[in-house]
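Derivation of every value follows stated rules applied to the coordinates shown; laboratory data play no part. Note that the structure is predicted; figures quoted are calculated from it, not measured. Reconstructed Cβ throughout: ideal geometry from the backbone, glycine too, with neighbour counts over all protein chains shown.
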Amino acid sequence: MDDLRRKRVGEDLRSEISTLIQSGDVKDPRVNSFLSITRVDVAKDASFARVYVSTFQDDALDRGVEGLNRAAGFMQSAVGKRIRLRQTPKLTFIADRGIKEGFEINEKIKDILS
């Protein structure tokens, strides 16, 4: 699969997974609507995808990622029904702490400049 197609599939996956989370289709109590999908990296053969998840809530990220990994089979099935692909990638959810760390660095810079 070429890079352009992988990026397009990644964006489609990100959109559909975000919709599943926001609509409350994932019944795991650890998964809440404050989780956001920051990016999706699809393998060259589209057999698996790494889904990076972020949130502003400190304690909810690790529990949310655990819940998403637990519901990965359900989400893969639901995404496979919505997106027409020959093979739906196996989903693996990873905590992305980049947004929180960036916010903390911004606050430290503001404190230094004040």
Given the rule -39500 (n - 2.57) for each run of at least 4 DSSP H residues, summed and divided by the residues of the chain, what is its mean residue ellipticity at 222 nm, to the nearest 500 deg cm²/dmol? -17000 deg cm²/dmol
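Considering only lysines 8 or more places apart in sequence, or on different chains, count the pairs in the chain whose C-alpha atoms sit under 17 Å apart. Don't skip to the end; give the middle numbers.
Values: Lys7/Lys44; Lys7/Lys90; Lys44/Lys90; Lys81/Lys90; Lys100/Lys108; Lys100/Lys110.
Final tally of qualifying lysine pairs is 6.
Restricting attention to region 1-65, which chymotrypsin sites (Phe, Trp or Tyr not before Pro) occupy a DSSP loop and are surrounded by at most 15 other Cβ atoms within 10 Å? Please report the intermediate quantities before stating the final value.
On the way: sites: Phe34, Phe48, Tyr52, Phe56; in loops: Phe34, Phe56.
Those satisfying the criteria are Phe34, Phe56.
Scan region 1-99 for trypsin sites (Lys or Arg not before Pro) in coil per DSSP, keeping those whose Cβ has at most 10 other Cβ atoms within 10 Å, and list them by number.
Values: sites: Arg5, Arg6, Lys7, Arg8, Arg14, Lys27, Arg30, Arg39, Lys44, Arg50, Arg63, Arg70, Lys81, Arg82, Arg84, Arg86, Lys90, Arg97; in loops: Lys27, Arg30, Lys44, Arg84, Arg86, Arg97.
For trypsin sites (Lys or Arg not before Pro) across region 1-99 that sit outside H, G, I, E and B with at most 10 neighbouring Cβ atoms in 10 Å, the list reads Lys27, Lys44, Arg84, Arg86.
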Global geometry of region 1-65, whether rounded, prolate or oblate, following the gyration tensor of its Cα atoms and the 1.5 cut on a/c: prolate
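Does the chain come out rounded, prolate or oblate by the C-alpha gyration tensor, with a ≥ b ≥ c the root eigenvalues, rounded set by a/c under 1.5 and, if not, prolate when a/b is larger than b/c and oblate if not? Don't jump to the answer; show the numbers that get you there.
Numbers: a/c = 2.74, a/b = 1.58, b/c = 1.74.
Oblate shape, in that a/c is at least 1.5 and b/c is the bigger or equal ratio.
Can you tell me what share of the DSSP beta bridges in the chain is antiparallel? A percent to the nearest 5 is fine. Working shown, then result.
Working: 6 of 12 bridges.
In the chain, DSSP labels about 50 percent of beta bridges as antiparallel.
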Under the rule a/c < 1.5 gives rounded, and otherwise a/b versus b/c splits prolate from oblate, where does region 54-114 land using the Cα gyration tensor? prolate
Report the one residue of Ala46, Ile112, Leu68 whose Cα lies farthest in the direction of the positive end of the charge dipole of the chain (charges on C-beta: Lys and Arg +1, Asp and Glu -1; origin at the Cα centre). Ala46
Diffing region 52-65: the Karplus 3J(HN,Hα) column from phi (6.51, -1.76, 1.60, θ = phi - 60°), in whole Hz with x for Gly and Pro, holds 8, 10, 9, 7, 8, 7, 5, 7, 8, 5, 5, 5, x, 5
Under a Cβ-Cβ cut-off of 13 Å, what is the net charge of the residues other than Ser47 that fall near it, where Lys and Arg count +1 and Asp and Glu count -1? +3
